[in-house]
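Let me begin by presenting the structure, written as structure tokens, before commenting on it.
The values are calculated or read from the model by the stated rules, or taken from the named source; none is laboratory data. Keep in mind the model is a prediction, meaning the values are calculated, not measured. Here the Cβ positions follow ideal geometry from the backbone for every residue, glycine too, while neighbour counts run over all protein chains shown. Just the protein is used for accessible areas: all its heavy atoms, side chains included, with ligands, DNA and RNA removed. Shrake-Rupley method; radii C 1.70, N 1.55, O 1.52, S 1.80 Å.
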Amino acid sequence: MKQTKTPLSKISKDLFLFSLMITLGACNTAFKNKTTVKAPNILVIIADDAGWNDVSYNGSEIQTPNIDSLARNGEQLNRFYTYPTCSPSRASLLTGMPSSRIGIVAPISDKSNLSLPDSITTLPQALKKKNYETALFGKWHLGLKQSSGPNAFGFDYSYGFLHGQIDQYTHKYKNGDTSWYRNGTFITEEGHTTDLVTNETIEWLTNKRDKSKNFYIQLAYSAPHFPLQEEDKWKAPYQKTITNSSRRDFAAAMSHMDNSIGLVLEAIKKLHLDENTLIVFLSDNGAMENWFPSTQYDGKLGPNPVLGSNYPFRDWKTSNYEGAIRVPAIVSWKNHITSKTNNNYIAITDLMPTFLSLASADIPKDVEGKNIWPTLLDSKKTTTHDIYIRGHIQESLIRKPWKIIRSRHADNSPANYELYNIEKDPEEKQNVISENPSFAEQLKIALEKQFAKDNKDVNLELK
């Protein structure tokens, strides 16, 4: 049989075209893998009143190995800002806007009827539109009645306590009000709050959720908030390293919570959910200095002359200084986020639009936070948005690298202003407002514009 020879030029051309197709295909696949992200499960873990220096990855004497593991394998958000107290931070997380827009500038307490408004689309409501199942375990603190509990604002499942601070064993509020519930019904259970919340989370993940859906979990611990009621086994590791008994009790609460976080993370791994679960850890605000109760819990609990530590930052919970609003925060997602420290300015209001973007969900028009996913992937992509934070009687506006703070007075005397370069002076020791009058005036105007957008009835809640 006569063989037909193929010209060498044609062979070369065919090989070239074939190689080109392979190369383009590989590039296209790589591009898709880089830019297309499967909607993740989302787990947000919230500590209550944990300060900057209350986690060992920030140098604390308190050992938090499970939180440290998240920090080591994930991304430390070095400039993450919340609000001076708990209810405002939680409201901002669930609405993506400054909590003062809806009149929440202080903890919702006692017999208050204040709650989230039903006119605003919350984070879990928006995620449910993309077939997410939503659950809250632990602290709510955004409505003290079952009618204004988590189930009214988009959570399919909820368990824990409606109020802020509760007895860790009776689970009652400081004035004796009932607070412990499951899905809109008050219940009575025995056990420490940290253990009960952890066990319920693991049980829901393992047996109760709809496994055909993605999930959003908000796991909000009461620890290390007072009252501090920890077993000796959690105090024992600190007998020699922490001499102050009050600080030792606080450390025990942190260790108990850290151990519980480890149990939840282990459950996620055993269920093979770790590769598609975005995990965020944060504190709702900075640490409180001390606690001297009088009538609370009939005088049976406390006092605590030493609690958390915000070192090296200034001041305590309730102020607008760094110690109150700059908190430990971590984002971790296996095979998606690399180990690094991100120094960009990020606010708790930025989490909602980021989560919704990853879920390919619509972002409600009221959301003011920004999608920070690009900077989480590449910290060289800097954030540029102002961060407005209103607290009890102070408000601040952060515009890198500056922060202006306004302190108002109950007697309506003129407000005081302070200006800090928080990169050069993170401890806020040097008020440089007199040296920068022109720029300070610009920030005053920007702050006032933000203040003017707030709910006009917000002063009713100042405490």
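Looking only at helices (runs of 4 or more DSSP H) that lie completely in the range 1-115, which have at least 1 residues being at pLDDT below 95 and over 18 Å from residue 282 (Cβ atoms)?
By residue number, 8-35.
Looking at the range 125-149 only, could you name the residues that are closer than 19 Å to residue 220 by Cβ, surrounded by fewer than 21 Cβ atoms within 10 Å (Cβ to Cβ) and touching a residue at least 40 places away in the same chain (Cβ under 8 Å)?
Within the range 125-149, just 146 meets the criteria.
Condition test on residue 188, is it farther than 28 Å from residue 361 by Cα, among the β-branched types (Val, Ile, Thr) and open to solvent by 10 Å² or more (accessible area, probe 1.4 Å)?
Judged against the criteria, residue 188 is a match.
Going residue by residue through the range 89-97, is there one that turns out to be farther than 26 Å from residue 126 by Cα and either out of contact with any helix residue (DSSP H, G or I) (no Cβ under 7 Å at 6 or more places or on another chain) or open to solvent by 10 Å² or more (accessible area, probe 1.4 Å) (or both)?
There is no residue in the range 89-97 that is farther than 26 Å from residue 126 by Cα and either out of contact with any helix residue (DSSP H, G or I) (no Cβ under 7 Å at 6 or more places or on another chain) or open to solvent by 10 Å² or more (accessible area, probe 1.4 Å) (or both).
Can you find a residue in the range 251-266 that is over 25 Å from residue 90 (Cα atoms) and surrounded by fewer than 19 Cβ atoms within 10 Å (Cβ to Cβ)?
Looking through the range 251-266, at least one residue is over 25 Å from residue 90 (Cα atoms) and surrounded by fewer than 19 Cβ atoms within 10 Å (Cβ to Cβ).
Is there any pair linking a residue in the range 386-398 that is free of Cβ contacts under 8 Å to residues at least 60 places away in the same chain to one that is part of a loop (DSSP other than H, G, I, E, B), with Cβ under 6 Å and at least six apart or on different chains, and which?
As it stands, the answer is 397/386, since those pairs meet every condition given.
Inspect the range 331-345 for any residue being at positive phi and crowded, with 18+ Cβ neighbours inside 10 Å and give the result as yes or no.
Looking for residues that are at positive phi and crowded, with 18+ Cβ neighbours inside 10 Å, one finds none in the range 331-345, hence no.
Which numbered condition trips up residue 399, out of (1) touching a helix residue (DSSP H, G or I) at 6+ places or on another chain (Cβ under 9 Å); (2) closer than 21 Å to residue 284 by Cα?
Failing condition for residue 399: (2).
Give 207, 199 a once-over and let me know the one that is closer than 20 Å to residue 260 by Cβ and under 24 Å from the mean Cα position of the chain (by Cα). Walk me through how you get there before you give the answer.
Details: 207 fails: under 24 Å from the mean Cα position of the chain (by Cα).
None of the other options fit; the residue is 199.
Hey, any hits in the range 447-454 for a residue that's touching a residue at least 60 places away in the same chain (Cβ under 8 Å) and assigned to a helix (DSSP H, G or I)?
Initially, the range 447-454 is screened for residues touching a residue at least 60 places away in the same chain (Cβ under 8 Å), giving 450-451, 453-454.
Subsequent filtering for residues that are assigned to a helix (DSSP H, G or I) retains 450-451.
Among the residues of the range 447-454, at least one is touching a residue at least 60 places away in the same chain (Cβ under 8 Å) and assigned to a helix (DSSP H, G or I), which makes the answer yes.
From the list 156, 118, pick out the single residue that is in contact with a strand residue (DSSP E or B) (Cβ under 6 Å, 6 or more places away or on another chain), open to solvent by 30 Å² or more (accessible area, probe 1.4 Å) and over 18 Å from residue 86 (Cβ atoms).
156
So residue 216 clears everything in (1) touching a Leu at 6+ places or on another chain (Cβ under 6 Å); (2) closer than 25 Å to residue 90 by Cα; (3) part of a helix (DSSP H, G or I) except one condition, right? Which one?
Going through the list (1) touching a Leu at 6+ places or on another chain (Cβ under 6 Å); (2) closer than 25 Å to residue 90 by Cα; (3) part of a helix (DSSP H, G or I), residue 216 breaks only (3).
Quick check on the range 298-324: of everything there that is on the phi > 0 side of the Ramachandran plot and modelled with pLDDT of 95 or more, which residue is least open to solvent (accessible area, probe 1.4 Å)?
Only one residue tops the list, namely 302.
Give the number of residues within the range 239-274 that are in contact (Cβ under 8 Å) with a residue 24 or more places away in the chain and either over 14 Å from residue 201 (Cβ atoms) or among the hydroxyl-bearing types (Ser, Thr, Tyr) (or both). It would help to see each step written out before you state the result.
Initial filter on the range 239-274 (in contact (Cβ under 8 Å) with a residue 24 or more places away in the chain): 241-242, 244, 246-247, 249-265, 267-268, 271, 273-274.
Narrowing further to those that are either over 14 Å from residue 201 (Cβ atoms) or among the hydroxyl-bearing types (Ser, Thr, Tyr) (or both): 241-242, 244, 246-247, 249-256, 258, 260, 274.
Matching residues across the range 239-274 total 16.
Among the numbered criteria (1) surrounded by fewer than 19 Cβ atoms within 10 Å (Cβ to Cβ); (2) in contact (Cβ under 8 Å) with a residue 12 or more places away in the chain; (3) over 18 Å from the mean Cα position of the chain (by Cα), which single criterion is violated by residue 361?
All conditions are met except number (1).
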